[in-house]
């Protein structure tokens, strides 16, 4: 267990956060498919990105990493995989599982991709079905809509397909990233609701940087022209907005000031919009071209908000809700139940153990202002976002401990070291 001690004074800090996990894994895949060499700078080294890089190496891609310099060099394979057979393991890395499931279809041979026990409970059926519509030989090994996935790779025909992305936008991103290498122009129609829209926009932006343009109608119908190819390039990965949001939240909660350099108002990442949420709750926000600063002004006001677009920040908002002056209602995030943990159930249970009243809904939570008392270590459910968000409560109340702090290695290995910088 790791004890988080309350801050003696409100922080006044500039915090450095690692590169974006979401962008790093997208750039790794596109660089591996590209013609020519790429250099990724500012890249994240965490469990998720290491699983992605290791799987690509198993597929025959030449990758050289320099963790001290946050740099990855990739020799692209021109749209296919040198290895004709591979058995891949990606832990609980959702981006690696979904993106590689689609990308394996571009190879020649038989491939299998598997993950942790929790990954074997996370859905992939919608993606498998859509790839089947493009002629891919692909199936869920246990016939249950979840990994492991077996791919008998060959020709990806392209043409029209429909995808239900109501449980993960990664399904749509996975299709888009392989679409340029289909035999014919690819058209993707989204059926039902599309969650986490900013991540799809991020995917298209990274694709554009590597030379492929996606046309779309209001993120409902997508077209990728045939014959486009990714080209190797030097690519700078932005700092991770999902990592940064914990420190902006710390400023709002404690009445301090926290600035994140390298992230500005034009970031590719949707999670920078979390500062808009903090602003509505009473914090002051200053947005620059290459930095965003939050100044807290407690007490925080309650809020009723649809968090679908920035759902990775919902656990943090829930923790802040316990310290607000009126209830915080989080809506339209049912998909959180199929992530690293059932996040809605985990948040409700752990806040309840701290003495907070929480109503759990099918698609969200209502958190009521409460007098929190920490009596036991917070269970993390092997979920990095539960650990990082609940650690914020320890900045303002005594006795908060994190039961499995090591789980943050999934995306932010030195999170707790960075949190300590708020004390300086």
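Here, each number is a calculation from the coordinates, and none is a lab measurement. A quick note: this is a predicted structure, and the numbers were derived from the prediction, not measured. Methodologically, a virtual Cβ is constructed for each residue, glycine included, from the backbone with ideal geometry; neighbour enumeration extends over all protein chains shown.
Structure notes:
- Degrees, to the nearest 10: 21-33 long Cα axis against longest axis of the chain: 10
- Tensor-based shape of segment 109-186 (alpha-carbon gyration tensor, a/c under 1.5 rounded, otherwise prolate or oblate): oblate
- On the principal axes of its alpha carbon atoms, the chain extends 60, 41, 40 Å, with the longest extent given first.
- Taking 0.36 nm per residue of separation and subtracting the Cα-Cα distance, full extension of the segment from residue 125 to residue 217 would add 30.6 nm.
- Length added when fully stretched, residue 69-residue 373, from 0.36 nm per residue minus Cα-Cα: 105.2 nm
- Label-to-label distance for residue 342 and residue 229 is 4.9 nm, based on points extended 7 Å past Cα in the beta-carbon direction.
- Taking the longest Cα principal axis of the chain as reference, the axis of helix 343-353 is set at about 20 degrees.
- Whole-angstrom gap from segment 381-424 to segment 165-226, using each part's C-alpha centre: 34
- Label zone of residue 187 (point 7 Å out along Cα→Cβ, amide N under 18 Å): in segment 201-223 this covers 214-223.
- C-alpha center-to-center spacing [segment 244-302, segment 321-370] in angstrom: 21
- Segment 21-225, relative contact order [Cα under 8 Å, separation at least 6], %: 16
- Segment 21-225: C-alpha gyration tensor shape, a/c 1.5 cut-off, then a/b vs b/c: rounded
- Helix 94-103 axis, angle to the chain major axis (alpha carbon atoms, nearest 10°): 10
- FRET E, pair residue 297, residue 398, Förster distance 25 Å, beta-carbon r, rounded to 0.05: 0.60
- Sum of -39500 (n - 2.57) over DSSP H runs of 4+, divided by residues of the chain (222 nm, nearest 500): -8500 deg cm²/dmol
- Oblate is the label for segment 259-366, because a/c, from the alpha-carbon gyration tensor with a ≥ b ≥ c as root eigenvalues, is 1.5 or above and a/b does not exceed b/c.
- Inter-probe distance in nm under a simple model that places probes 7 Å from Cα toward Cβ, at residue 54 and residue 133: 3.4
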